[in-house]
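Enquirer: Okay, here's the structure, questions in a sec.
The values are calculated or read from the model by the stated rules, or taken from the named source; none is laboratory data. Quick caveat: nothing in here was measured; it's all calculated off a predicted structure. All Cβ positions, glycine included, derive from the backbone under ideal geometry; neighbour counts span all protein chains shown. We work out accessible area using only protein heavy atoms, side chains counted, and drop any ligands, DNA or RNA first. Shrake-Rupley method; radii C 1.70, N 1.55, O 1.52, S 1.80 Å.
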Amino acid sequence: MFKREQRLVRAIGDFGAFATVICALGPGSVHEGQFTLAAVQAAVVPRGWASSRRTRALIDWLELEGTAQRLPPCGDRRERPWSLNGWLVDAVQTLAAAYLAAASPWHEHPAAVTSEKTTDGVNTLLDGVNWLLRHPPELHPLSEEMRIFLGHAPGFPLLLDLLSAATASGSNGTGCEFSRKAAARAYGISRAHVTALLAKAERLNFLQRDGSRIILSDPTLQNVRRDLAYQLAFVVLWLESSKP
């Protein structure tokens, strides 16, 4: 998804941007599709996920990209109502639908969000993620590996690429082929950015670089898989608890 729509790297490619967008969509679900910058900043700034300046800059950029719309002013700039629409909302719904399918493979899920039942499931899941972001003590502590990659765009999809390549290559200790050039082109970032993220992970002993090959440590593989399992478990539990 990030490779098909590279604007997502900036829009939701790291945790700060993701939290900003989800918190904007959250209040929007109860205010006729509207949110205010003040409400979003109140959710993400005190927890250190994003600064006031960054949230404001992100919303302004989303407006330039045609997916955020400012509505008639009411009061100061932070209280002006906004709405999200278009490609960003579609992408978030697609991401939520993918988590639904991964978390409950025993259910039949359409390839696209078309049926009313699937749309309800996606909206319920987005409500759950928004609730989780607003109740930080309920967040399961993430591994240091996940925290490092989530803190840099597009760290999370890069980490998934590494995990997928490592799984496909088996557990023979020789690692997996990983092209920094291909990753940079796929996500619309510089090769230096990819190299810097991998180098930081290597300094922390999360992985080892051997030419074009990347060897993920066993603890890293276990921690990332555990974190992903908790994410999928949250999807299942939230949906079950939300049933009438």
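Enquirer: Within segment 201-227, can you find the residues that are over 23 Å from the mean Cα position of the chain (by Cα), crowded, with 17+ Cβ neighbours inside 10 Å and in a helix (DSSP H, G or I)?
Expert: Correct list: empty.
Enquirer: Does ALA184 count as without any contact (Cβ under 8 Å) to a residue 12 or more places away in the chain, farther than 30 Å from GLY121 by Cβ, part of a helix (DSSP H, G or I) and open to solvent by less than 30 Å² (accessible area, probe 1.4 Å)?
Expert: Taking the combined requirement at face value, the residue satisfies it.
Enquirer: With segment 1-71 as the region, which helices (runs of 4 or more DSSP H) entirely inside it contain at least 2 residues that are open to solvent by 60 Å² or more (accessible area, probe 1.4 Å) and without any contact (Cβ under 8 Å) to a residue 12 or more places away in the chain?
Expert: By residue number, 52-64.
Enquirer: Let me ask something additional. Evaluate the following for GLU32: is it modelled with pLDDT under 90, among the charged types (D, E, K, R) and under 23 Å from THR124 (Cα atoms)?
Expert: Yes, satisfied.
Enquirer: What number of residues in segment 153-175 are free of Cβ contacts under 8 Å to residues at least 40 places away in the same chain and either assigned to a loop (DSSP other than H, G, I, E, B) or touching a strand residue (DSSP E or B) at 6+ places or on another chain (Cβ under 6 Å) (or both)?
Expert: Qualifying residue count for the region: 4.
Enquirer: Taking the criterion of being of a type in the set (Asp, Glu) and either modelled with pLDDT under 90 or under 26 Å from PRO46 (Cβ atoms) (or both), would at least one residue in segment 143-165 satisfy it?
Expert: yes
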